[in-house]
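Notes to accompany the following structure.
The values are calculated or read from the model by the stated rules, or taken from the named source; none is laboratory data. Quick caveat: nothing in here was measured; it's all calculated off a predicted structure. Here the Cβ is made from the backbone with ideal geometry for all residues, glycine too, and neighbour counts use every protein chain on show. All accessible areas refer to the heavy atoms of the entire protein, side chains included, with ligands and DNA or RNA removed. Shrake-Rupley method; radii C 1.70, N 1.55, O 1.52, S 1.80 Å.
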Amino acid sequence: HGETEGSLAGQHTSRTDGPVTANGCALARSLAAQLAGKIFALVVTSPRQRAHMTAQLAGFPNAVVTEDLREFDYGEYEGLLKAEILARAPGWNIFRDGCPGGETVAQVAERAGRVVARARAAGDTLVFTHGHMGRMVATSWLGQPPTFGAQLALGTCTLSILTSEADKPPGIQAWNCGEEV
């Protein structure tokens, strides 16, 4: 999704659903040019306004909303900066530890697995989601354990392309591509 005040500040926001900033809107509109002429069997978005708004600005106003693409439920860490979380839980890694009072890694991995299964069944799929969830979807796509998500940096309003060819294992064609890279 496009940049929000929360993502700009580095806050962990899942249930908190702020709008996309003016810069985020401009970047989302630039996605429209990059995606022009591409045909997708399925376009899906998180229900959060920041993801849905990004889909609309990128030229996909009819993206199918799915709860499976919402961000990790950060529970007690909602709205906190990573430094604040680490002060409470030194060594914390969301892809290993999940979030107290929120979702477990297994719960998020299960949602990501459903997104991947749906995309594989549909064919070329365009997904509008969130940073941690996008990393979990890629991890599931690649058949890696959830902890692998920690190795994938993902900025706001960037494009990533996951591949699947009959004679090759699932892969990554492009990752985290955009103006913010």
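The table that follows gives values for the structure above.
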{"quantity": "Of Ala28, Ala55, Ala36, the one that fluctuates the most in a GNM where the chain has Cα springs shorter than 10 Å", "calculated": "Ala36"}
{"quantity": "Solvent accessible area, Å² - Cys25, 1.4 Å probe, full protein context", "calculated": "20 Å²"}
{"quantity": "Extension gain from Val64 to Asn176, taking 0.36 nm per residue of separation minus the Cα-Cα distance", "calculated": "38.1 nm"}
{"quantity": "Inter-label distance, nm, simple model (7 Å from Cα along the C-beta direction), Leu86/Thr104", "calculated": "2.7 nm"}
{"quantity": "3J(HN,Hα) from dihedral phi, the range 139-151, Karplus parametrisation 6.51/-1.76/1.60, rounded to Hz, x for glycine, proline", "calculated": "4, 5, 4, 7, x, 9, x, x, 4, 4, x, 5, 8"}
{"quantity": "Those trypsin sites (Lys or Arg not before Pro) in the range 1-104 that DSSP places in a loop and that have at most 10 other beta carbons within 10 Å", "calculated": "Lys38"}
{"quantity": "Probe 1.4 Å, accessible area per residue of the chain, Å²", "calculated": "48 Å²"}
{"quantity": "With every protein chain in place, the chain: carbon and sulfur % of accessible area (1.4 Å)", "calculated": "53 percent"}
{"quantity": "Residue-level accessible surface for Val108, protein heavy atoms, 1.4 Å, Å²", "calculated": "0 Å²"}
{"quantity": "Label corresponding to mean projected area of the Cα convex hull in nm² when calculated from the structure given, among (i) 14.4; (ii) 9.6; (iii) 11.5", "calculated": "(ii)"}
{"quantity": "Where labels lie 7 Å past Cα in the beta-carbon direction, separation of Arg29 and Arg118 in nm", "calculated": "2.9 nm"}
{"quantity": "Per-residue [θ]222 nm for the chain (sum of -39500 (n - 2.57) over DSSP H runs n ≥ 4, rounded to 500)", "calculated": "-11000 deg cm²/dmol"}
